Amino acid sequence: MHTRTTATWSVHERHDRDQASDGHSRYGAYLDSRLHHLVGDGQPSPEAWAAWCWNVATPPTMGPGYARWSDPVESTTCWRSCEDGRLAATVVVRVPASALAVELPRPWRGWERDVDSELVEPRTACSALARVTLEGPLEGTWPAAPDGLFDGVERRVLVAAAKAAVAAVVDGLRWGFGPAVDALRVGGGRR
């Protein structure tokens, strides 16, 4: 019998509020300080807005991020495709050595599990760390950036719109990439 695992992308609203220097949103402070990076030829497309919001909400910009993912996902980035304008994502997945088609001779070691059962790099000089990169379009409806984005939009409006975009990306990742991550996790087994 197959037990379904779940690749999880999520937002951490409570941590965002609890760690906020203004008592409202830590993510909001990151948005404020990076809004100038979004300036272009006017209002961004919903896809460009969602990608920018996601990339501000995640490492390496925010650590820990407002948006996060669970093992075996190592990283998730989003961008607006230059080819067709769609929102796209790259998801890097850690794959246990047991999933490799070859048996590595000693002393090579693959990912190990920490006390929380998360895949971590082994503490050894000879490591063979397998990763799979998943890349493709995200399906979904992406919220638009707030009107007046570059004309002093109210901070609460900016933060609410950005959080809505991040939530939409989380849903798109779960739907579009979750099954592939689950297959890699199950195919690689759990040690």
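Quick notes on this one:
- Candidate set: the range 160-186, residues that are under 18 Å from the mean Cα position of the chain (by Cα) and of a type in the set (Val, Ile, Thr); chosen: the one farthest from Leu138 (Cα to Cα): Val181
- Considering residues of the range 1-30 that are touching a strand residue (DSSP E or B) at 6+ places or on another chain (Cβ under 7 Å) and at pLDDT below 90 only, the residue surrounded by the fewest Cβ atoms within 10 Å (Cβ to Cβ): Thr8
- Criterion violated by Ala180 - all others in (1) touching a Phe, Trp or Tyr at 6+ places or on another chain (Cβ under 7 Å); (2) in a helix (DSSP H, G or I); (3) of a type outside the set (D, E, K, R) satisfied: (1)
- Yes/no for Ala160 being of a type in the set (A, V, I, L, M, F, W, C) and open to solvent by 40 Å² or more (accessible area, probe 1.4 Å): yes
- Residue check for Thr141: under 20 Å from Pro59 (Cβ atoms), in contact (Cβ under 8 Å) with a residue 24 or more places away in the chain and loosely packed, with under 12 Cβ neighbours inside 10 Å: no
- Residue count for the range 56-79 satisfying the condition of being surrounded by 20 or more Cβ atoms within 10 Å (Cβ to Cβ) and closer than 14 Å to Ala165 by Cα: 6.
- Every test in (1) touching a residue at least 40 places away in the same chain (Cβ under 8 Å); (2) open to solvent by 60 Å² or more (accessible area, probe 1.4 Å); (3) out of contact with any Gly (no Cβ under 9 Å at 6 or more places or on another chain) is passed by Phe150 save one, and that test is (3).
- For Gly188: the one exception among (1) modelled with pLDDT under 90; (2) under 19 Å from Gly28 (Cα atoms); (3) small (Gly, Ala, Ser): (2)
- Selection count, the range 103-117, where residues are open to solvent by less than 90 Å² (accessible area, probe 1.4 Å) and out of contact with any strand residue (DSSP E or B) (no Cβ under 9 Å at 6 or more places or on another chain): 4
The values are calculated or read from the model by the stated rules, or taken from the named source; none is laboratory data. Quick caveat: nothing in here was measured; it's all calculated off a predicted structure. All Cβ positions, glycine included, derive from the backbone under ideal geometry; neighbour counts span all protein chains shown. Quick note on the areas: whole protein, heavy atoms, side chains included, nothing else; ligands and nucleic acids left out. Shrake-Rupley method; radii C 1.70, N 1.55, O 1.52, S 1.80 Å.
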